[in-house]
1. Can you give the average number of partner chain beta-carbon atoms within 10 Å of each beta-carbon in peptide A:114-120, as a whole number?
2. If r is the Cβ-Cβ distance from B:SER49 to C:TRP180 and R0 is 25 Å, what FRET efficiency results, to the nearest 0.05?
3. Fewest Cβ neighbours within 10 Å first, please rank C:ILE130, D:ILE161 accordingly.
4. Quick check on packing: order C:132-139, A:9-16 by the mean number of other C-beta atoms within 10 Å, highest mean leading.
5. Quick one: what are the phi-derived ³J(HN,Hα) couplings along the stretch A:141-151, Karplus 6.51/-1.76/1.60 with θ = phi - 60°, whole Hz, x for glycine and proline?
6. With 26 Å as the limit, write out which pairs from A:LYS80/C:LYS80; A:LYS80/B:LYS80; C:LYS80/D:LYS80 have Cα-Cα distances beyond it, or answer none.
7. Which percent of Cα pairs goes in each bin when the distances of the stretch C:3-204 are cut into 10 angstrom slices starting at zero?
8. Calculate the mean, over all residues of peptide C:77-83, of how many other protein chain Cβ atoms lie within 10 angstrom of the residue's Cβ.
There are 4 protein chains.
Amino acid sequence: MNEKETGRIEAFSDGVFAVAITLLVLNIKLPAQLVPALFDDQHLWRELSGQLPTLFAFLTSFATVGIMWINHHRLFTHIKRVDTGLLLLNLLLLLLIVFVPYPTALLTEQYALSPGQHAAAIVYSGTFVILACCFNILWRYASYHNRLLGKDVDTRAVIAISRQYLFGPLVYLAVFGVAWINTPATIILSFALALFFALPGRALRLEPFEPLEP
Amino acid sequence: MNEKETGRIEAFSDGVFAVAITLLVLNIKLPAQLVPALFDDQHLWRELSGQLPTLFAFLTSFATVGIMWINHHRLFTHIKRVDTGLLLLNLLLLLLIVFVPYPTALLTEQYALSPGQHAAAIVYSGTFVILACCFNILWRYASYHNRLLGKDVDTRAVIAISRQYLFGPLVYLAVFGVAWINTPATIILSFALALFFALPGRALRLEPFEPLEP
Amino acid sequence: MNEKETGRIEAFSDGVFAVAITLLVLNIKLPAQLVPALFDDQHLWRELSGQLPTLFAFLTSFATVGIMWINHHRLFTHIKRVDTGLLLLNLLLLLLIVFVPYPTALLTEQYALSPGQHAAAIVYSGTFVILACCFNILWRYASYHNRLLGKDVDTRAVIAISRQYLFGPLVYLAVFGVAWINTPATIILSFALALFFALPGRALRLEPFEPLEP
Amino acid sequence: MNEKETGRIEAFSDGVFAVAITLLVLNIKLPAQLVPALFDDQHLWRELSGQLPTLFAFLTSFATVGIMWINHHRLFTHIKRVDTGLLLLNLLLLLLIVFVPYPTALLTEQYALSPGQHAAAIVYSGTFVILACCFNILWRYASYHNRLLGKDVDTRAVIAISRQYLFGPLVYLAVFGVAWINTPATIILSFALALFFALPGRALRLEPFEPLEP
């Protein structure tokens with residue numbers, strides 16, 4: 001198998017990411033479907049401002065899935081070969097990506113109806129803990145002894161990614177702890193973490209000493 | 001990072017545009033879902049002709065998203081390299097593209113039920129003001145000092161795009177003003193603007209003098 | 001603009017075709033949503049066999065959209081260059097492709113509820129008349145004086161396509177006439193026509209004499 | 001027709017697989033839509049644990065469609081050319097892929113409401129029998145006398161795939177038999193079979209003797 005294979009696994013993953021991220025908008029329900037016939041401007045403005053938490057949850061899930069695409073894209077800059085293990089691990093990762101709209105909708109719905117409750121926030125942040133683990137497993141499987149990386153791989157970038165990803169499950173586990181106590185804090189922390197993982201590992205200066213020349 | 005990167009950002013964006021533009025059709029509800037059992041021909045024709053405003057809103061959103069795809073395609077003819085900033089700005093743009101079906105549905109619903117009201121038209125045209133700004137920011141980020149453009153870039157085309165895009169937020173702001181007064185005019189003007197941005201900047205003779213040889 | 005451009009217009013069109021063809025399955029509603037609590041086997045078998053017309057309409061629309069993809073694919077084997085006109089005509093074609101699930105759902109619903117009525121069949125077959133016209137316009141725009149075709153174009157294949165497509169609007173217009181009289185005949189004829197257009201023009205021996213050597 | 005054609009048939013298939021696999025998540029309904037206003041934590045946890053069978057059906061369908069994508073991907077590593085027959089057989093295969101969410105939803109719904117009944121499990125496993133047949137027909141059409149394979153084809157891999165695929169319809173037929181008796185066993189066996197087909201034919205040592213040097 002050769003570089004052409006990576007092309008198709010990327011195309012399929014791009015498709016799944018694209019559909020999953022677009023389906024998120026279906027969670028934003030029209031006010032009309034909730035309270036029909038209340039469609040004069042005054043009522044509509046009030047309805048729309050009542051939807052701001054929904055919009056923020058949509059924004060957070062969009063940012064999370066979008067930035068996971070950026071990370072998937074970044075990993076596959078280095079991954080050059082494909083084997084059955086990688087295909088299956090990638091499928092597992094996509095399974096969780098595709099699942100994200102469900103806990104998002106759950107969180108949105110519960111927070112709108114009973115803001116003092118936490119079950120949905122726990123499911124929501126738990127999903128991200130598992131997602132962070134999947135990203136780690138996929139990356140470590142591919143990068144173990146450079147198994148599926150290119151020959152001219154940028155060793156420093158690989159090490160930077162490995163370090164940054166080590167933090168992933170830990171910090172998402174911390175957010176998971178917060179979810180048992182406070183729902184808005186869970187959403188805001190998830191959003192902040194998404195932005196953190198948008199930055200390339202190297203930009204974060206996670207390597208204080210320069211370990212290896214490429 | 002190299003030209004191959006642009007390939008994948010384009011593939012992901014194409015996927016998101018394709019899903020978002022296809023989801024628009026879900027806004028056209030079957031008459032059956034509104035008035036069941038009224039399915040003999042006479043009633044159906046009346047129902048269908050009552051849906052013409054919905055069809056026109058669908059057409060406008062389709063044209064808008066489709067022509068934004070043409071513009072995205074045109075920009076990435078010139079953009080050759082990718083960095084984290086571009087990935088994030090592109091994600092912000094896609095966020096708004098994905099959002100378009102929601103204000104479209106809102107506008108459709110409110111115009112059908114209370115045509116004298118304007119809240120939905122304001123949200124609808126406001127979305128396009130923000131979208132036009134995002135296109136400008138993405139383009140200016142990429143074209144600033146030719147940061148992410150190819151070495152053999154067509155300088156005149158770049159200048160033509162920059163000029164045409166300067167008008168974008170201004171004219172959409174004007175439509176935003178109209179939205180506070182008249183909903184049908186908002187839809188028609190949005191449609192006309194979409195067509196305007198379908199034309200390449202150069203075709204519009206925005207440059208009366210020939211500023212630079214390529 | 002060069003051959004690379006065709007790549008992206010094809011990718012976007014592939015995405016739209018793929019989403020539109022997959023959304024068709026959403027028209028097959030679960031019996032549960034119609035008659036809840038009737039979920040023992042006897043009732044379910046009866047429900048499912050009652051859904052056979054729906055399944056056949058799904059099959060017809062799937063075949064139609066799928067074979068339109070095959071035709072789009074065949075045209076773009078010959079089309080090598082892109083201009084704004086082609087982008088807009090392609091967008092118009094995709095608009096109609098995306099619209100197909102709506103008349104399909106309408107036809108399914110009306111035929112199930114009042115089989116003696118014809119309004120939905122008229123809308124359904126009318127859509128295909130317009131689609132056949134769009135295919136013709138797109139192809140004649142691109143092939144006029146070989147405007148957007150490659151230099152090494154297969155002239156006989158081009159002529160064969162032009163002839164086969166000439167029949168398109170005419171035969172779909174005949175089906176449109178049938179739709180005013182008989183709904184099942186409309187569905188069956190549409191299905192047969194889809195298969196006809198699956199065959200490459202040359203296979204049909206539309207050219208009795210060998211007009212040109214390539 | 002040449003290798004470029006395979007590119008586009010793969011892109012379109014990737015798109016259809018990606019949309020179909022992502023639409024599966026829509027089958028997981030929010031508890032809110034079933035029992036509104038029961039959104040305090042205790043009720044929600046109970047609701048969510050009641051959804052575990054739905055989640056497992058989602059998982060099985062996701063694994064099945066995902067692994068069918070892996071198989072499609074594996075076949076098209078060997079298939080290099082395209083003709084009208086392949087386009088139509090591929091469309092038939094995609095028709096069944098796109099259909100998978102429907103029997104999945106049916107199975108989920110019936111098993112949740114009347115677990116002792118089997119109609120949905122029969123439809124579900126029947127779909128997989130037909131799918132396994134379609135995969136066989138597509139592969140035998142393409143590999144017959146190496147019709148559409150590359151010149152430098154890996155003969156042993158081709159034989160291994162042909163042998164592994166021979167088992168497909170037989171084992172799915174066995175599961176189809178089980179479906180008349182026991183629904184949970186049907187789901188578990190379908191899941192196990194999906195994993196079996198994830199492994200490449202060669203890894204299974206289906207060829208005890210080394211029949212041919214490549």
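1. Mean partner shielding for this stretch: 5.
2. So, using R0 = 25 Å, E works out to roughly 0.90.
3. C:ILE130, D:ILE161
4. A:9-16, C:132-139
5. Computed from phi, the couplings for the stretch A:141-151 are 4, 6, 8, 4, 6, 6, 2, 10, 8, x, 6 Hz.
6. From A:LYS80/C:LYS80; A:LYS80/B:LYS80; C:LYS80/D:LYS80, over 26 Å: A:LYS80/C:LYS80.
7. 8, 33, 31, 17, 8, 3, 0
8. That works out to 1 on average.
Values quoted throughout were computed directly from the atomic coordinates according to the rules given, and no laboratory measurement underlies them. All values derive from a computational prediction rather than experimental measurement. Here Cβ is always computed from backbone atoms with ideal geometry, including for glycine, and neighbour counts include all displayed protein chains.
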